[in-house]
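One structure is given below, represented as structure tokens, and several questions about it will come after.
The values are calculated or read from the model by the stated rules, or taken from the named source; none is laboratory data. Computed from a prediction, not measured in an experiment: that's the story for all the values here. Here the Cβ positions follow ideal geometry from the backbone for every residue, glycine too, while neighbour counts run over all protein chains shown. We work out accessible area using only protein heavy atoms, side chains counted, and drop any ligands, DNA or RNA first. Shrake-Rupley method; radii C 1.70, N 1.55, O 1.52, S 1.80 Å.
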Amino acid sequence: MIKFDKLFQTLKENDISQYSLYTHHGVSRSQIQRLKNNKSVTTHTLNMILNILGEGFSLNDIAEFTPDIEQTEK
């Protein structure tokens, strides 16, 4: 499972609000909601967010991967 909890902490630390994401940067509200609920999002959305954060940020700063329990048991 990919979790985006780190994204919202990184945004907060860099004074970027969710309001700013959809108002000034073009990230749709539905994509923000999907990120909040750890649902699938497109690489386009992840690319947009990393470009908003700027140089020096990577996927590791906004997402965390943990193997699904069902997958590791097979």
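What does the charge add up to near Ile62, with Lys and Arg as +1, Asp and Glu as -1, over the other residues with Cβ less than 14 Å from its Cβ?
Details: positive: Lys3, Lys6, Lys12, Arg34, Lys36; negative: Asp5, Glu13, Asp61, Glu64.
It works out to a net charge of +1.
Size of the dipole of the chain about the Cα centre, Lys and Arg at +1 and Asp and Glu at -1 on the beta carbon, nothing else charged, in debye to 20? Could you put the intermediate results ahead of the total?
Working: 8 positive and 9 negative charges, 67 e Å.
With only Lys, Arg, Asp and Glu charged at Cβ, the dipole is about 320 debye.
Same structure, new question: Ignoring ligands, DNA and RNA, please state the percent of accessible area on the chain from carbon and sulfur, probe 1.4 Å. Please list the in-between numbers first.
Working: 2560 of 5310 Å².
It is 48 percent, rounded to a whole number.
What accessible area per residue comes out for the chain, rounded to a whole number of Å², with a 1.4 Å probe? Kindly include the intermediate steps, with their values, before the conclusion.
Working: 5310 Å² over 74 residues.
In whole numbers, the chain has 72 Å² accessible per residue.
Within the set of other residues whose C-beta is less than 12 Å from the C-beta of Ser30, count the net charge using Lys and Arg as +1 and Asp and Glu as -1.
Details: positive: Arg29, Arg34, Lys36, Lys39; negative: none.
Overall, the nearby charge balance is +4.
Take Asp5, Asp68, Asp15 and sort them by solvent-accessible surface of the protein heavy atoms, 1.4 Å probe, largest at the top. Spell out each step's value before the answer.
Details: Asp5 95, Asp68 60, Asp15 145 Å².
Heavy-atom accessible area, descending, gives Asp15, Asp5, Asp68.
Can you pull out the GluC sites (Glu not before Pro) in the chain that DSSP calls coil and that have at most 10 other Cβ atoms within 10 Å? Intermediate values should be presented prior to the final figure.
On the way: sites: Glu13, Glu55, Glu64, Glu70, Glu73; in loops: Glu55.
Of the GluC sites (Glu not before Pro), the ones in loops of the chain whose Cβ has at most 10 other Cβ atoms within 10 Å are Glu55.
Then there's this: Report the one residue of Ser40, Ser58, Phe4 whose Cα lies farthest in the direction of the positive end of the charge dipole of the chain (charges on C-beta: Lys and Arg +1, Asp and Glu -1; origin at the Cα centre).
Toward the positive end, the furthest listed residue is Ser40.
Same structure again: Which of the following values of P(r) over Cα pairs in 5 Å bins from 0, in percent was calculated from the structure shown: (1) 3, 16, 25, 22, 12, 8, 6, 5, 3, 1, 0; (2) 3, 15, 28, 27, 13, 6, 4, 3, 1; (3) 3, 11, 7, 8, 8, 7, 8, 7, 7, 6, 6, 6, 6, 5, 3, 2, 1, 1, 0?
Identified label for the calculated read-out: (2).
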